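Encoded as structure tokens, the structure appears first; notes follow it.
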Amino acid sequence: MTRRRILVTDGGQRSALAVVRSLGRAGHTVFVCAPRTPSIAGDSRHAIAQATVADALLAPEQFVSDVQSRIEQWRIDMVIPITEASLLALLPVRERLGVTIPFPNATTFRAAADKGALLAAAPSVGIAVPQQLVLRAADDMRGIDPSLLDFPVVLKPSRSVGEHDGHRVAMGVRHAANADELRHTVRELSAAAFPLLVQQRIVGPGTGVFLLIWDGRLIASFAHRRLREKPPSGGVSVYSESIAADPELVERSTRLLQSLGWNGVAMVEYKRDARTGTAYLMEVNGRFWGSLQLAIDAGVDFPALLVAAASGESPAPVTTYRVGVRSRWWWGEVDHLLARWRGNARTRALPAGAPSRLRATLAFLTFWHPHDRSDVFRLGDVRPFVRETIEWLHRR
């Protein structure tokens with residue numbers, strides 16, 4: 001194995017912590033940077049050092065300059081960006097940085113991040129997509145007959161990181177229960193939210209198909225099911241479970257990524273319709289995902305495999321793993337429960353059939369399941385959980 005000096009960005013992310021732990025255990029020398037330090041990943045015993053850098057979303061040019069300084073200071077030979085903003089900043093300048101960034105080129109990454117273009121291409125490889133229409137600007141709403149839409153609908157910016165007037169903005173998902181809410185929400189959105197997808201809402205469990213493709217070869221695959229999310233209407237997973245990967249979804253997801261010329265890790269996210277069982281494509285996250293630790297605990301060590309592949313090795317494919325392993329993000333679970341108690345089903349845009357507040361509370365109070373693993377807390381590496389707890393309390 002080639003041992004690397006690796007810089008992991010965005011140390012405040014849980015996925016960064018999972019990467020640091022994985023690569024430290026694999027024998028690599030791991031460093032961390034983040035807009036705010038100390039960070040949960042930087043506080044891991046597997047991190048050699050951590051440093052503060054500019055926010056990649058708010059100041060991408062300064063972020064690149066700061067990362068370059070850390071590369072020179074720490075003699076880094078590989079950088080693993082964690083967030084979309086960091087990838088958007090670093091991929092176009094990787095030649096100047098002179099290090100390995102084990103992700104596709106900037107053009108390919110942007111293509112995968114464009115939900116509108118991706119959903120248009122998905123049917124060609126047999127992947128189902130929700131019914132939707134695209135608003136190029138807020139004024140396009142005038143030409144839409146809301147009676148033709150099947151409410152409730154989901155409003156998704158085509159890109160999770162929007163750009164307008166030279167600035168990048170993190171964009172979120174909104175919901176509309178009727179035509180009036182749709183008009184009001186569209187008027188509220190900034191120009192960076194467009195093109196905007198007005199999409200049929202699929203009610204059912206979220207499923208993620210995680211893949212590592214290198215030089216056109218599938219090296220690793222994994223699947224999980226979201227049990228609870230933050231916000232409760234749909235978002236990041238706070239409690240999830242490893243499931244047997246649907247061979248057809250894996251094959252079609254692989255073909256979709258290969259059609260883009262993908263190189264690296266990606267999560268292909270689906271919603272499986274509770275009525276029909278059809279899996280509908282939601283988006284592709286071309287980066288390490290929040291529930292990465294679950295995959296590692298179940299037996300698919302994506303970070304170590306990615307570094308091995310990017311180092312010229314030929315790791316044996318990993319497509320089998322333990323099914324039924326569960327991962328619980330404690331403070332995310334607390335936020336999920338607080339959100340349930342601070343709003344009703346309508347204000348929280350909960351789907352039909354969502355658990356009541358009482359059921360959500362009882363589920364939270366089930367502190368232990370025989371297959372549970374904590375996402376952040378580990379007895380042999382406690383400081384990240386302490387750091388996260390301090391930060392959570394400061395936000396209250």
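The values are calculated or read from the model by the stated rules, or taken from the named source; none is laboratory data. What you are looking at is a predicted structure, and each value in this text was computed from that prediction instead of being measured. Every residue, glycine among them, receives a Cβ derived from its backbone with ideal geometry; neighbour counts consider all protein chains shown. Surface accessibility is based on the protein's heavy atoms, side chains included, excluding ligands, DNA and RNA. Shrake-Rupley method; radii C 1.70, N 1.55, O 1.52, S 1.80 Å.
Among the criteria (1) modelled with pLDDT of 95 or more; (2) open to solvent by 20 Å² or more (accessible area, probe 1.4 Å), the one G290 does not fulfil is (1). Here is the figure for the stretch 253-276: residues that are under 25 Å from A308 (Cα atoms) and of a type in the set (K, R) total 1.
A Cβ distance below 7 Å, combined with a sequence gap of six or more or placement on separate chains, defines the contacts here; from the stretch 210-222, residues that are modelled with pLDDT of 95 or more reach residues that are open to solvent by 40 Å² or more (accessible area, probe 1.4 Å) and assigned to a strand (DSSP E or B) in the pairs L211/L218. Within the stretch 234-244, being among the β-branched types (V, I, T) and either open to solvent by less than 30 Å² (accessible area, probe 1.4 Å) or closer than 23 Å to G261 by Cα (or both) holds for one residue alone: V238.
Count of the stretch 299-311 residues, restricted to those that are under 18 Å from the mean Cα position of the chain (by Cα) and hydroxyl-bearing (S, T, Y), is 0.
Kindly evaluate R322 against the criterion of being in contact with a Leu (Cβ under 8 Å, 6 or more places away or on another chain), open to solvent by 20 Å² or more (accessible area, probe 1.4 Å) and touching a residue at least 60 places away in the same chain (Cβ under 8 Å).
Details: in contact with a Leu (Cβ under 8 Å, 6 or more places away or on another chain): no; open to solvent by 20 Å² or more (accessible area, probe 1.4 Å): yes; touching a residue at least 60 places away in the same chain (Cβ under 8 Å): yes.
No; evaluated as a whole, the condition is false for this residue.
If we scan the stretch 312-319, do we find a residue that is open to solvent by 20 Å² or more (accessible area, probe 1.4 Å), without any contact (Cβ under 8 Å) to a residue 40 or more places away in the chain and over 22 Å from the mean Cα position of the chain (by Cα)? Within the stretch 312-319, one or more residues are open to solvent by 20 Å² or more (accessible area, probe 1.4 Å), without any contact (Cβ under 8 Å) to a residue 40 or more places away in the chain and over 22 Å from the mean Cα position of the chain (by Cα).
Considered as a group, the residues in the stretch 208-228 that are over 23 Å from R275 (Cβ atoms) and charged (D, E, K, R) include one that is surrounded by the most Cβ atoms within 10 Å (Cβ to Cβ), and that residue is R217.
Only one of the numbered conditions (1) at pLDDT below 95; (2) open to solvent by less than 20 Å² (accessible area, probe 1.4 Å) is not met by M267, and that is (1).
Taking each residue of the stretch 160-178 that is at positive phi and looking for partners that are part of a strand (DSSP E or B) with beta-carbon atoms closer than 8 Å, six or more apart or interchain, yields nothing.
In the stretch 297-309, the residues that are assigned to a loop (DSSP other than H, G, I, E, B) form Cβ pairs under 6 Å with partners that are open to solvent by 10 Å² or more (accessible area, probe 1.4 Å), at six or more places apart or across chains, as follows: G299/Y321; G299/R322; V300/V318; V300/Y321.
Could you say whether any residue in the stretch 250-257 is on the phi > 0 side of the Ramachandran plot and of a type outside the set (S, T, Y)? No; the residues of the stretch 250-257 include none that is on the phi > 0 side of the Ramachandran plot and of a type outside the set (S, T, Y). Candidates P205, P247, P231: the one that is open to solvent by 20 Å² or more (accessible area, probe 1.4 Å) and over 28 Å from H336 (Cβ atoms) is P247.
Would you confirm whether any residue within the stretch 250-263 is over 22 Å from L118 (Cβ atoms) and under 18 Å from the mean Cα position of the chain (by Cα)? It would help to see each step written out before you state the result.
Here is the first cut: in the stretch 250-263, the ones over 22 Å from L118 (Cβ atoms) are none.
Within the stretch 250-263, none of the residues are over 22 Å from L118 (Cβ atoms) and under 18 Å from the mean Cα position of the chain (by Cα).
Of the residues examined, V334 is not one that is within 30 Å of N263 (Cβ to Cβ), touching a helix residue (DSSP H, G or I) at 6+ places or on another chain (Cβ under 8 Å) and not in a loop (DSSP other than H, G, I, E, B).
In the set (1) touching a residue at least 40 places away in the same chain (Cβ under 8 Å); (2) within 27 Å of L379 (Cα to Cα); (3) more than 21 Å from the chain's Cα centre (by Cα), V67 fails one condition alone, (2).
Just checking, does the stretch 73-85 include any residue being free of Cβ contacts under 8 Å to residues at least 40 places away in the same chain and either in a loop (DSSP other than H, G, I, E, B) or open to solvent by less than 30 Å² (accessible area, probe 1.4 Å) (or both)? No, the conditions are met nowhere in the stretch 73-85. Quick one: is E241 modelled with pLDDT under 95, among the acidic types (D, E) and outside any loop (DSSP other than H, G, I, E, B)? So E241 fails the test.
The strands (runs of 3 or more DSSP E) found wholly in the stretch 103-218 and carrying at least 1 residues that are over 21 Å from P81 (Cα atoms) occupy 132-135, 153-157, 161-164, 174-176, 196-200, 206-214. Residues of the stretch 115-137 that are out of contact with any helix residue (DSSP H, G or I) (no Cβ under 9 Å at 6 or more places or on another chain), open to solvent by less than 40 Å² (accessible area, probe 1.4 Å) and among the small types (G, A, S): G116 alone. For the stretch 352-359, the condition holds for at least one residue, the condition being that it is of a type in the set (A, V, I, L, M), part of a helix (DSSP H, G or I) and surrounded by fewer than 11 Cβ atoms within 10 Å (Cβ to Cβ).
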